[in-house]
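Below is one structure; the comments refer to it alone.
The values are calculated or read from the model by the stated rules, or taken from the named source; none is laboratory data. Note that the coordinates shown come from a computational prediction; the quantities given were computed from them, not determined experimentally. When we count neighbours, we look across all protein chains shown, and the Cβ atoms used for this are built from the backbone with ideal geometry, even at glycine. Only protein heavy atoms, including side chains, enter the accessible area calculation; ligands, DNA and RNA are left aside. Shrake-Rupley method; radii C 1.70, N 1.55, O 1.52, S 1.80 Å.
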Amino acid sequence: MSRMTPFASPLLLGFDTMEKTLERLTKANDGYPPYNIERLRPSTGGEPEKLRITLAVAGFAEDDLDVTVEENQLIIRGRQADPGEREYLYRGIAARQFQRMFVLADGMQVAGAGLKNGLLSVDLVRPEPERMVRKINISVSD
């Protein structure tokens with residue numbers, strides 16, 4: 001029995017990579033670190049839409065974090081070095097590494113990232129796409 005996918009319609013052409021991306025995202029979601037996604041209100045009417053992703057990364061320094069964009073994916077990684085010279089009587093805060101991925105729509109751009117009070121904020125901008133209409137000539141063969 002084959003399973004029905006959201007992109008199985010014959011009217012949706014070329015979306016097979018999107019389907020694979022969605023499958024990969026559902027498998028890689030472990031919930032750490034917690035995050036928020038918010039829409040930022042534009043200060044003027046002509047500004048593009050802005051989004052902010054905020055991750056709770058307490059204990060991570062700037063050098064422990066890596067924010068990259070690969071094709072249409074925003075990838076945020078955190079790796080803490082475990083100082084070996086400490087002797088813990090109780091260890092409730094683990095030096096845990098993480099990788100969090102977000103799929104970006106076409107045209108989305110990362111405007112910048114900042115770390116303040118244990119929160120990593122990544123700002124995204126979606127410029128208004130240019131509306132493009134293209135006439136396709138029809139060839140007639142004899």
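What's the angle, to the nearest 10 degrees (0 to 90), between helix 16-27's Cα axis and the longest principal axis of the chain?
Once rounded, one gets 20 degrees.
Please report Rg (one decimal) and Dmax (integer) in Å for the Cα set of the chain.
Taking only Cα atoms of the chain, I get Rg and Dmax of 21.3, 88 Å.
Rounded to the nearest 20 debye, what is the charge dipole size of the chain about its Cα centre when +1 sits on each Lys and Arg Cβ and -1 on each Asp and Glu Cβ?
For this selection, approximately 400 debye.
Under a 5 Å amide H to amide H cut-off, with H placed in plane at 1.01 Å, what residues pair with L104 once short-range neighbours are removed?
Residues meeting the criterion, in which the H sits 1.01 Å from N, are Q73, L74.
Carbon and sulfur: what percent of the chain's accessible surface (1.4 Å probe)?
In the chain, the share of accessible area belonging to carbon and sulfur is 51 percent.
With a cut-off of 8 Å between alpha carbons and a minimum separation of six or more residues, what is the relative contact order of the chain in percent?
22
If ligands, DNA and RNA are left out, what is the accessible area of I37 with a 1.4 Å probe, given in Å² to the nearest 10?
Surface accessible to solvent at I37 totals approximately 100 Å².
At 7 Å along the Cα-to-beta-carbon direction for both L89 and D63, put a label point, then send me their distance in nm to one decimal.
Computed distance between label sites L89 and D63 equals 3.0 nm.
Suppose the chain between I136 and V110 were pulled fully straight at 0.36 nm per residue; how much longer would it get relative to their current alpha carbon spacing?
5.9 nm
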